[in-house]
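One structure is given here, and the rest of the page talks about it.
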Ligand code: FES
């Protein structure tokens, strides 16, 4: 067998190994970050109070600047949920036809109250409390109020 073919094969093997190691490290970092911080971000969770005026009953609204979904109706007047999946922290989206939140990363599904409908996620979406601040702002705090 020609020598350059063997070195080419070694190069490909090494490249594959390095890419696999990089992917594993990225996955490990994501899992560690999520375990330590629970998917919560350090960004301020504020938005103008006027956003609540456009909230319609039963239709979740994403507020990206606050990293949250707001849902009007149900036992609480307004439910706020962290917009990161509790599996590994991907941003999930609202599926209007199915009336559920679906995570594009690994297929977890959640009801509009944040409860798990389908794994791999095992924990409900993180509930946030709405706190009315001065200057016409709403601040979201972790945990139910
Ligand atoms: S991050 Fe959502 S299902 Fe894995």
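The values are calculated or read from the model by the stated rules, or taken from the named source; none is laboratory data. These numbers come from a predicted model, not from an experiment. Cβ placement follows ideal geometry from the backbone for every residue including glycine, while neighbour counts extend to all protein chains displayed.
State the number of residues belonging to segment 125-135 that are in a loop (DSSP other than H, G, I, E, B) and either in contact with a strand residue (DSSP E or B) (Cβ under 6 Å, 6 or more places away or on another chain) or modelled with pLDDT of 95 or more (or both). So the answer is 3.
Residue by residue, here is whether (1) within 16 Å of the ligand (Cβ to nearest atom); (2) at pLDDT 90 or above; (3) buried (at least 17 other Cβ atoms within 10 Å of the Cβ); (4) not in a strand (DSSP E or B) holds:
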position	(1), (2), (3), (4)
53	no, no, no, yes
69	yes, yes, yes, no
114	yes, yes, yes, yes
117	yes, yes, no, no
123	yes, yes, no, yes
138	no, no, yes, no
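Scanning segment 55-66 for residues that are surrounded by 13 or more Cβ atoms within 10 Å (Cβ to Cβ) and either in a strand (DSSP E or B) or in contact (Cβ under 8 Å) with a residue 40 or more places away in the chain (or both) gives 59, 60, 61, 62, 63, 66. Any idea which residue in segment 71-90 is farthest from the chain's Cα centre (by Cα), counting only those that are under 24 Å from residue 50 (Cα atoms) and either within 16 Å of the ligand (Cβ to nearest atom) or not assigned by TED's automatic domain parsing to the domain that holds residue 51 (or both)? Once the filter is applied, the top-ranked residue is 81. Within segment 2-25, the set of residues being at pLDDT below 65 and either at positive phi or surrounded by 10 or more Cβ atoms within 10 Å (Cβ to Cβ) (or both) comprises just one member, 22. Here is the figure for segment 99-112: residues that are more than 8 Å from the ligand (Cβ to nearest atom) and either touching a strand residue (DSSP E or B) at 6+ places or on another chain (Cβ under 8 Å) or within 24 Å of residue 47 (Cα to Cα) (or both) total 7.
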